[in-house]
Amino acid sequence: MEYPKRSPIYMPSDSAGWVLVHSLVLILIIQAAAMFALTIIKYDIKSSTVFYTLLKRSHAPESKERAPVTKRMILDAPQGWEHALFSTEVLEKTWGNTCSYSWRVCLREQPFVAEHDPVLSVSRPHIIVLVDDCLSMNSSCGKTYDNETIYLEQTHGEIIEAAYRDDVQTSLSLPEGTYFRGDYGDMHYRAPDTFAFGGSIPCWTFMQSYLGDLLKDLDLCEIAIATTSRGIIQPFTHDNASLMNALESIRPDSATAPLSEAMMDLLDDFPDECVTARHVIVATSGIAIDDGNLASWLKDFDNDGNALDTYVEGPGSHCLDDVAAYASSLKITIHTAGPDSAFLKDVAQKGKGGYLPSVQSFVIAPDYICQMRILSQNLLRFLTNTGGAFDPGWLITTSAVYYQAGPYDPLYLTALPSDCISGPATSHYSKDNRLFCTTKKDCLLSIDSSTGNLIWMVQGIGGEIAWQEGVLVAGPDQYGYIHALTEQPAIAWRHPGDLFVVSRSSAYIAWHDTITSLSLQSGQFFAGNTTGEDITSLMYDPCRGILLAGTKTGLIHVFNQDLYLTDIMTTNAPGPILGIHTFDQMKTLYIIAFTHDRATCMTTEGPVWSYTLSGGAYSNAAVMDSRLYITTWNRDQDCEGIDTGRSHLTMLNALSGEQISEEMLFAGKAFGPLIDLEEKKIEYTSWDMATVPVDISTLQGTSLVALGSMRTDMNR
């Protein structure tokens, strides 16, 4: 007998439908359990995320979810970085009760260096200025006095152009003579019209003014000064002070004017090498006296058939145009300056030159620079010299005010009636949004570097530049003076000197072997001392508060801020000290001094290392992260110019003197380095505005360096 199978779970019925219902109930129970478990997991994950976020906000200052409160502190230069150029920026970032600290290096100032000899070998015209010093030059030249000009009748009777002064309404008598305005001179200072040229101004006065204005813009030219009675009185030079002194020393006191003979004698005085063009400027009344004693083949060289192309006793010889034609055949260009006469214009034409030539008649030069670029608010600009003078395309001069630091009252600026910028830019100082620039012809400019607007210019102040506590110091100018100005501008003080450096309160001025400390604001004397020998370099260390003076025999005198001598260090290197650089390492002060071809590192304990510069003469240097970057220039000894020779960059370990690398930068002199810490690079520039960047991103401090964090609530 068979029995039916039964389920262990009680069922109301054995039919198949009840079995299906039972299975569905079991599935629902399992599903409910799974959903409950998933719900628990979901809320647990959310809780974990919230907890993680809270932890992150409390312990991770770098979170972008909340901006920190940032405080910035500026300290002395970091370890291994040059004291004069760099500072340390410490950042404190606060999120609630947590502070995070970091540091990086920041720029105190660029390594500014003045260029004292900005000549180019590709543009070296040679010019001889032949000045007629005959008594006839006191006669009228057919022109009138310039109404915008102030003239001075000197005590010995000669009239010259004077520095502009606004206290002369008509005339003003002073111990040095009588000042008068041009329109007043046309009535009261008329020269005798000996040769029927007309006009009122003497030939001598006109020639001195014309030549003075012309020579100040011929920086790229080698110039010699000669007279018709004495020949060469100033050999070829591009030193403007020497040229002006020679020009001012001439007096129109000769009884004769042998114009053609004097010019003929000069044609062989040009050098054979390093000359790109030859010119003669004849400044004369055009009246030859006792002239024409020339070789027979030279008389009437121009074939004009003039019967006066011969020797004439007294006035009358016309041989000057024959010598001009002959000079032209030798590729020597002849120019004339003087009365507006047909004869002088004919002489210039036959000499293939010009009558009253301008700067453009002599200077044919490419645009060039003799300073590194400026960096202001991410703008990079060249200080371009065009036609031998500072004239960058970005400079706007329409609203500028022009002044003159007059020699009659050095603490007073006179407003000038017109623009008078001259000479190439040889020094600059850039800080914040202000650029100060000086030219070789003692023009000081204040420029808004972001817009390029020239704010003001002062004529008569030049040299190197420093700016501290709202006071601008520049010098020395061509007369050996250092000036301090306020920003209005106004002259605060001036002092004779060869070199200077500034601190926040003092100006330290070296003159021969003497150092003087003056109040930066007022020029009041603070202290003085002497080294016993000429001082050739001066450096103020803002971190240690000491002054270091290098001398011509290789010694370094160390003074405190009150000019008390604390140490004398010897470099054991022959020659003058040209540059001094300082930095700290492990609380030890390191001093690196440069002579012409050697770098020497010292501490107060004695010498550390010495290195011979194989790439040329010292040009500039900077210490960054215990690495010494040295710029050298091996110039061409035959035809010198900033476009000749080779410049090199040498990198040394500043602690050991071991060479790390050396590379050539340019053909020509390198200007720089321009330090750009934001871009983590330095840049060198050549005279033709080519640039070479050098990466410094691996140096410690160019990026933020973490110092750690602190919980403020743990200090309770």
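Just one of (1) buried (at least 18 other Cβ atoms within 10 Å of the Cβ); (2) modelled with pLDDT under 95; (3) closer than 26 Å to S136 by Cα fails for N293. It is (1). Report whether or not D217 is in contact (Cβ under 8 Å) with a residue 12 or more places away in the chain, at negative phi and assigned by TED's automatic domain parsing to the domain that holds S285. So D217 fits the description; yes.
If I ask for residues that are farther than 27 Å from S418 by Cα and touching a residue at least 24 places away in the same chain (Cβ under 8 Å), which ones from segment 130-161 would you list? Can you show your working first?
First pass over segment 130-161, keeping only residues farther than 27 Å from S418 by Cα: 130-139, 155-157.
Those that are farther than 27 Å from S418 by Cα and touching a residue at least 24 places away in the same chain (Cβ under 8 Å): L130, V131, D132, D133, C134, L135, S136, M137, N138, S139.
A single member of E683, E662, E679, E640 is surrounded by fewer than 22 Cβ atoms within 10 Å (Cβ to Cβ) and without any contact (Cβ under 8 Å) to a residue 24 or more places away in the chain, and it is E679. If only residues of segment 176-195 that are part of a loop (DSSP other than H, G, I, E, B) and surrounded by fewer than 16 Cβ atoms within 10 Å (Cβ to Cβ) are counted, the one that is modelled with the lowest pLDDT is E176.
In segment 200-207, the condition of being in a strand (DSSP E or B), small (G, A, S) and surrounded by fewer than 22 Cβ atoms within 10 Å (Cβ to Cβ) is met by no residue.
For segment 606-631, a residue qualifies if it is under 19 Å from G668 (Cβ atoms) and polar (S, T, N, Q), and the qualifying residues are S614, S619, N620, T631.
Of the numbered criteria (1) free of Cβ contacts under 8 Å to residues at least 12 places away in the same chain; (2) under 27 Å from the mean Cα position of the chain (by Cα), the one G606 fails is (2).
Only residues that are surrounded by 18 or more Cβ atoms within 10 Å (Cβ to Cβ) and more than 15 Å from A474 (Cα to Cα) were counted in segment 421-455, giving 7.
If you go through segment 234-259, how many residues are assigned to a strand (DSSP E or B), in contact (Cβ under 8 Å) with a residue 12 or more places away in the chain and farther than 10 Å from V129 by Cβ?
Adding up the residues that qualify gives 4.
Filtering Y179, Y189, Y184 for residues that are outside the structural domain of A262 (by TED's automatic domain parsing), in contact with a Leu (Cβ under 7 Å, 6 or more places away or on another chain), over 23 Å from D269 (Cα atoms) and among the hydroxyl-bearing types (S, T, Y) leaves a single hit, Y179. Selection of segment 552-583 for residues being without any contact (Cβ under 8 Å) to a residue 24 or more places away in the chain and either within 16 Å of T530 (Cβ to Cβ) or outside any loop (DSSP other than H, G, I, E, B) (or both) yields T553, V558, N560, T566, I568, T570.
For segment 303-319, the condition of being in contact (Cβ under 8 Å) with a residue 40 or more places away in the chain, surrounded by fewer than 24 Cβ atoms within 10 Å (Cβ to Cβ) and assigned to a loop (DSSP other than H, G, I, E, B) holds for none of the residues.
Please work out which residue is surrounded by the most Cβ atoms within 10 Å (Cβ to Cβ), limiting yourself to segment 159-175 and to residues that are farther than 13 Å from E148 by Cα and at pLDDT 90 or above. Quick ask: steps written out before the conclusion?
Our first condition is that a residue be farther than 13 Å from E148 by Cα; within segment 159-175, this holds for 159-160, 167, 171-175.
Pick out the ones that are also at pLDDT 90 or above and you get 159-160, 171-175.
Values: I159: 24, I160: 16, S171: 16, L172: 15, S173: 10, L174: 10, P175: 5.
The extreme case among them is I159.
Take I287 and decide whether it is among the β-branched types (V, I, T), assigned to a loop (DSSP other than H, G, I, E, B) and either farther than 27 Å from D193 by Cα or touching a helix residue (DSSP H, G or I) at 6+ places or on another chain (Cβ under 6 Å) (or both). Spelling it out, I287 is indeed among the β-branched types (V, I, T), assigned to a loop (DSSP other than H, G, I, E, B) and either farther than 27 Å from D193 by Cα or touching a helix residue (DSSP H, G or I) at 6+ places or on another chain (Cβ under 6 Å) (or both).
Being surrounded by fewer than 19 Cβ atoms within 10 Å (Cβ to Cβ) and of a type in the set (G, A, S) is the requirement here; does A654 meet it? Steps first, answer last, please.
Details: surrounded by fewer than 19 Cβ atoms within 10 Å (Cβ to Cβ): no; of a type in the set (G, A, S): yes.
Considered against the rule, which asks whether it is surrounded by fewer than 19 Cβ atoms within 10 Å (Cβ to Cβ) and of a type in the set (G, A, S), A654 comes out as no.
Close Cβ contacts (under 6 Å, 6 or more residues apart or on different chains) running from residues in segment 475-487 that are farther than 14 Å from E115 by Cα to residues that are among the basic types (K, R) and surrounded by fewer than 24 Cβ atoms within 10 Å (Cβ to Cβ) comprise Y481/R494; H483/R494. The residues in segment 316-340 that are among the small types (G, A, S), in contact with a Ser or Thr (Cβ under 9 Å, 6 or more places away or on another chain) and more than 20 Å from N293 (Cα to Cα) can be counted, and the count is 2. Scanning segment 240-275 for residues that are touching a helix residue (DSSP H, G or I) at 6+ places or on another chain (Cβ under 8 Å) and surrounded by 13 or more Cβ atoms within 10 Å (Cβ to Cβ) returns N240, L243, M244, L247, P252, S254, A257, L259, S260, M263, M264, L267.
Checked across segment 488-511, the condition of being assigned to a strand (DSSP E or B), in contact (Cβ under 8 Å) with a residue 60 or more places away in the chain, buried (at least 18 other Cβ atoms within 10 Å of the Cβ) and of a type in the set (S, T, N, Q) holds for no residue.
Of the residues G554, G532, G615, the single one that is of a type outside the set (D, E, K, R) and surrounded by fewer than 19 Cβ atoms within 10 Å (Cβ to Cβ) is G532.
The values are calculated or read from the model by the stated rules, or taken from the named source; none is laboratory data. Here the structure is a predicted model, which is why all the values come from computation and not from measurement. Please note: Cβ atoms are built from the backbone with ideal geometry, for glycine as well, and neighbour counts cover all protein chains shown.
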